[in-house]
Amino acid sequence: MAARHRPRRGPPPRSEPVPVVTRSARLTPPTETKFRRAALGVFGLALAVRLIHVWQLRDAPFFNLPMGDAQSYHTWGVEIASGNWIGSETFYQAPLYPYFLGALYSVFGADLLAVRLTQVVIGAVSCVLLAITGRLLFTPTVGIVAGVMLALYAPAIFFDGLVQKTAIGAFLLCVLLALLSRLTTRSGPTWAWVWPGVTLGGLILTRENALVFVIVVLGWLALSRSLGKQRLAWAGAIVVGLAIVILPVAVRNKAVGGDLVLTTAQFGPNFYIGNNPNADGTYRPLVFGRGDPRFEREDATQIAERALGTSLTPTQVSRYWTRQSLDYMVTQPGDWMRLTGRKIMLAINAAEVADTEDQLSYSDWSVPLRAPGDVWHFGVLAPLAVAGIWLTWSRRRQLLLFYLLPGAYAASIVMFAVMGRYRYPLVPLLILFAAAGLVALWPVGGGGWYRRHLSLGAATAGMLVACNWPTLSMTDMRVVTALNLGTELQAQGRFDEAASQYRQVLAVTPDDALAHSNLGTALAAQGQLAEAVEHYQRAVTLEPRDPDSYSNLGNALLELGRVEEAVGSFRQALDIDPSSAEAHGGLGVALHADNQTDVAIRHLRRALDLGAVSADTHNLLGVALGSQNRLDEAGLQFRRALEIDPDYLDAHTNLAMAAQLGGDPELAIQHYREVLRIGPASADIHNELGLMLSATEKLAEATAHFTRAIQLDPSFAFAHANLGTALQLQGRIDDALRHYEQAVRLAPAVPDFQARLDAASNAR
């Protein structure tokens, strides 16, 4: 009898293959050893690539010149290393990275190479941590592929070599992923969940929008009932870890700033930058041309206080800008939705949006950055990640947390302005799924696969098109580095080099108003005033609401003697920004030159009230007051100028003259002596000092100064006459007559000289 088989009672055959990637089990010792060796290879590869990158950058003009945020962090780090660990204001920027720099500078000195090399090692460790995460969530192969992907990812190489917080943020994120993957795939004690909390706290102190990770992790624990009641204890442990890191910062902010701010006070301004009628999805500063962090806080505060008419705390400033954004979103929902759509496209685009330094400018110097840049970028990563998520969807319950993390972070990016370094934390999260998808796709073959995965192919292809749509040109981003490099060179007084950078910008983008304005400033500093005026005029044509360009134009016109035009330019600056201290000061100078002294005094005083407290402004105000014979007020301004700059030659001279006119010869003598100490020998000053010494009957010393004046200028008729008087008072009539005669010969039109000569002759 033929054998009979029991009919199959199980489920019908699946129409789709089970994904290749599966939840990792505990590895056997040989497999563990093999993985460790491979992970060590990942570390070596990542380290070698990054070291070569840094080495090849060594001759780049920007290698030892921190720009923008980097300059701000560097300066802050130097202050910390010098002992100022607490600071004096509520944190505006995320503080962890400056303290990281401060610690490095304390050991190695303010050495940017030490920073880059340290970050290179940290970046290599991040690749290993990502490999460990991939092994725990999927398979050892997925882990190694993920590590290699991050090791060779061009933006990762770029950011690890910058003096920027991005490398530290990526490292902390990889630590978090490794911790969470271990704790969610293997049982562990409740206290172990403190470490993700500590890491999350560090992330928040590196990049504030990392707060979304806290919301996701705690929300996931709260809703994952399958984990049992222990999940609440885990959530509590995470909160404890967060508190360990965040509470000291909040206490510090309260103590030094008087304002309870958990981390930083820049949420509102940053939210507004990404959501306002003039936003385009990328970073645009609150005030044109003042995107430097050194100005951003000041501008945010001044604008908010001016609008509300009162002084504000950092929290109140942040709330003001948040309300402005929300008002825009409510009153112009259509425009805001279009803006949000553009930000989504920027967030997924292959191009890396630069804000201070761009990747392509660095790739000109670096083969490791240039080689993978055209083939391994976000436009490839994101579609691969979509494929990986699709292929691991059958494990969505186990991987839900790791699906939510990139989704939430992507949403947080779109809330604000989109930049490459803001987007970068998405990269490790997406690489995990890209690696899983690549490993799953590798062994699949045969035409039948395409029929079974049409949806997967369509989704991946759609993402590929969306990510590589020409939304933004990375080539245009080159001007960002050139412009910022020029700014820093200019700050160091290297005006010719700065001008060269600005010209490079204008060769690519001829209508860049900021480049025209900055080039004008560099040219003016070199005395090329006519060309500077041309660039300032071009700048105000392109950006007619920029008060700084109008003020700079006014200064250049004033130096060229075009006083009326200068007055008009300063007035235009004040029409745009009535609180511009620079414009008030410049207008005061121009009006004084135009003999409109009363109005000039008002503008100079206004400039001082607005914070333009400089020795020059006080001195000029003193000159204007002195011209109206208001000598006491003038003297006060000259003294204030000297409080700011004790060696200010003009202020000493003017104060001496005011004292001389005011009948205070001793004060005049004091400041004339200072003029001679500070400045070069001057016949005029020796003569004036001699006069004051004569008035106080210090005839011998007066004689010496009149003599010195004549030595410096033998044709100085007044010095001859004054020396004659001093000699006559000392009974030296013959010597006095010789100098009176010389004075008459040099200046026969001065009647007093002949009168002195006649009187001395009669007295002989």
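The values are calculated or read from the model by the stated rules, or taken from the named source; none is laboratory data. The structure displayed is predicted, hence computed values, not measured ones. We place every Cβ from the backbone using ideal geometry, glycine too, and count neighbours over all the protein chains shown. Heavy atoms of the whole protein, side chains included, go into the accessibility calculation; ligands, DNA and RNA do not. Shrake-Rupley method; radii C 1.70, N 1.55, O 1.52, S 1.80 Å.
Here are the numbers:
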item: Which listed residue is farther than 21 Å from VAL418 by Cα, among the hydrophobic types (A, V, I, L, M, F, W, C) and in a helix (DSSP H, G or I), from VAL251, VAL261; result: VAL251
item: Enumeration of residues in segment 518-537 that are out of contact with any Leu (no Cβ under 9 Å at 6 or more places or on another chain) and touching a residue at least 24 places away in the same chain (Cβ under 8 Å); result: THR521, ALA524, ALA525, GLN526
item: Every residue from segment 63-81 that is touching a Phe, Trp or Tyr at 6+ places or on another chain (Cβ under 8 Å) and in a loop (DSSP other than H, G, I, E, B); result: PRO66
item: Set ILE157, ILE122, ILE132, ILE144: member being touching a Ser or Thr at 6+ places or on another chain (Cβ under 8 Å) and either within 14 Å of PHE43 (Cβ to Cβ) or without any contact (Cβ under 8 Å) to a residue 60 or more places away in the chain (or both); result: ILE132
item: Any chance THR460 is of a type outside the set (Asp, Glu), closer than 30 Å to LEU384 by Cβ and either in contact (Cβ under 8 Å) with a residue 24 or more places away in the chain or in a helix (DSSP H, G or I) (or both); result: yes
item: SER473, sole failed condition from (1) in a helix (DSSP H, G or I); (2) open to solvent by less than 50 Å² (accessible area, probe 1.4 Å); result: (1)
item: Total residues in segment 483-505, condition part of a helix (DSSP H, G or I) and open to solvent by 20 Å² or more (accessible area, probe 1.4 Å); result: 12
item: Conditions (1) without any contact (Cβ under 8 Å) to a residue 60 or more places away in the chain; (2) open to solvent by 10 Å² or more (accessible area, probe 1.4 Å); (3) outside any loop (DSSP other than H, G, I, E, B): number failed by ASN209; result: (1)
item: Residues of segment 125-147 classified as over 33 Å from the mean Cα position of the chain (by Cα) and open to solvent by 10 Å² or more (accessible area, probe 1.4 Å), total; result: 7
item: Residue that is crowded, with 17+ Cβ neighbours inside 10 Å, aliphatic (A, V, I, L, M) and modelled with pLDDT under 95, where the choices are VAL533, VAL465, VAL480; result: VAL480
item: Enumerated helices (runs of 4 or more DSSP H) restricted to segment 271-383, each holding at least 2 residues that are open to solvent by 30 Å² or more (accessible area, probe 1.4 Å) and out of contact with any strand residue (DSSP E or B) (no Cβ under 8 Å at 6 or more places or on another chain); result: 293-308, 314-331, 333-348, 367-373
item: Of the criteria (1) surrounded by 21 or more Cβ atoms within 10 Å (Cβ to Cβ); (2) hydrophobic (A, V, I, L, M, F, W, C); (3) within 20 Å of TYR424 (Cβ to Cβ), which one VAL214 fails; result: (1)
item: Residue check, ASP327 more than 22 Å from the chain's Cα centre (by Cα) and closer than 17 Å to ARG284 by Cβ; result: no
item: Candidate set from segment 82-115 (those that are part of a helix (DSSP H, G or I), touching a Leu at 6+ places or on another chain (Cβ under 8 Å) and within 29 Å of PHE267 (Cα to Cα)); member that is most open to solvent (accessible area, probe 1.4 Å); result: LEU96
item: Wholly enclosed helices (runs of 4 or more DSSP H) of segment 553-642 bearing at least 1 residues at pLDDT 95 or above, open to solvent by 20 Å² or more (accessible area, probe 1.4 Å) and within 21 Å of ARG538 (Cα to Cα); result: 563-576
